[in-house]
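*Asks:* Below is a structure I'd like to ask you about.
What follows is calculated from the coordinates using simple rules that are stated; it is not laboratory data. Note that the structure is a prediction, hence the values are computed from the model and not measured. Neighbour counts are summed over all protein chains in view; Cβ atoms, including those assigned to glycine, are modelled from backbone coordinates with ideal geometry.
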């Protein structure tokens, strides 16, 4: 057999040509990638910073990005090559996302973008409460929050909400707060023109029977009865004798006469007290550092010139006892030299921390008078209940408490301030078990006192009634 070297050389030349073509193509791609990286580094290389010396040195960059947690993309590397590669990878990925023409932003990324917007509009305390709900109910549902928000359908929302209802014993109020995050986040997407209102998938279709209703707690848990109130006031008086310049104690005693919110009583100024009335028009709020939105940190507190709601701006008539407390506080401030912007309650030249009042009450209830712990909000409920139980109209009590409407007062603030013995006695009296002290007997006694001898001689005539038709039934033949 004779070999044809001519054909062999042709085949070898073809293979060599294809190999060179593949090498050249690879080289072109590598050259293009390198040019792209050089372009990125020329444009964004200033983000890279170098810190430290020797073995402790490192490279770091931070790129603002609202679609990412904490509002920025961060990387830290030990070599220049690694940090440059990470920077280029980030911008190349961003370019790929934009070139596809489809927004792949996840619901989680949209939420953090929304929160960056939200924290400019509301208090830091609100941001903190929303993040607590996010961490509790959303972060555990990764399949939902990692899905591109534009791909989320109403059915996805149904499945997400029903999963929470079915797997957690969630109460009605907590469920409403949790849903608020979903509603507001998609509402933000509509406002930002990311999606149309018709594309908003938010809705609530769950089995509400599985949601624990918010039930009104027992009076024993929510208010001080008369004996408990007296025990606490006696303990406060005892402590005041041992520490006569402690105005925090007087703030607790005064609150039984005012029924204010915990931030309102400590924000009172001397100029708010006029003509036997107290003007409630400001409050103390907590300050949180929310620069790291995942970890809000309490950093202090300050007074603001507004109340919880518009209805919170109100006037409260001062009892004689309230006026005595206020004069005593003003006298202590004058003797100790405590002063800060005309505020009534001052300690070490600044406002008093609202948590201080609760800590005093907690210590007194636990260690001294041995009753259930009931903080300043329970004092407020005791005040409102006392007003209504003593004949003050609910409308007036609601206004004095600074509620937006009477429903809040009725649903959350009306309780029995009597102890069990007093309550049982009142029930039995009302049912006629003790005729001498029943309401009917009392009314008759009062009525008889007003009857004169001349009145007794009046002859009562029977009242004329319209004659009834004797044929009121139909007779059938």
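*Asks:* Percent of Cα-Cα pairs more than 19 Å apart in region 182-232, please.
*Replies:* It works out to 61 percent of all Cα pairs.
*Asks:* Taking only the C-alpha atoms, wrap a convex hull around region 107-210 and report its volume per residue in Å³ as a whole number.
*Replies:* Per-residue hull volume (Cα only) is 95 Å³.
*Asks:* Give me 255, 89 ranked fewest to most by other Cβ atoms within 10 Å of their Cβ, as a rough exposure proxy.
*Replies:* Ascending Cβ contact count within 10 Å gives the list 89, 255.
*Asks:* How do 215, 282 rank when sorted from fewest to most other Cβ atoms within 10 Å of their own Cβ?
*Replies:* Fewest to most other Cβ atoms nearby, the residues stand as 215, 282.
*Asks:* Run the numbers on region 167-254 and let me know its relative contact order in percent, using alpha-carbon pairs under 8 Å that are six or more apart.
*Replies:* 29
*Asks:* Now, a different point. Need the C-alpha centroid separation for region 29-81 versus region 103-159, integer Å.
*Replies:* Cα centroid of region 29-81 versus Cα centroid of region 103-159: 28 Å apart.
*Asks:* Work out how much length residue 140 to residue 76 would gain on full extension: take 0.36 nm times their residue separation and subtract the Cα-Cα distance, in nm to one decimal.
*Replies:* 20.3 nm
*Asks:* So what are region 45-92's ellipsoid semi-axes, whole angstrom, largest first, if each one is the square root of 5 times an eigenvalue of the alpha-carbon gyration tensor?
*Replies:* 20, 12, 8
*Asks:* Moving to a separate point now. Report Rg/Rh for region 219-418, rounded to two decimals, where Rg is the Cα radius of gyration and Rh the Kirkwood radius.
*Replies:* Ratio of gyration radius to Kirkwood radius: 0.96.
*Asks:* Taking neighbour counts of Cβ atoms within 10 Å as a proxy for exposure, in what order, fewest first, do 158, 33 appear?
*Replies:* 33, 158
*Asks:* R0 = 25 Å: FRET efficiency of residue 191 with residue 310, Cβ-based, nearest 0.05?
*Replies:* The value I calculate is 0.50.
*Asks:* Specify the inter-centroid distance of region 320-365 and region 185-231, based on alpha-carbon positions, in whole Å.
*Replies:* 35
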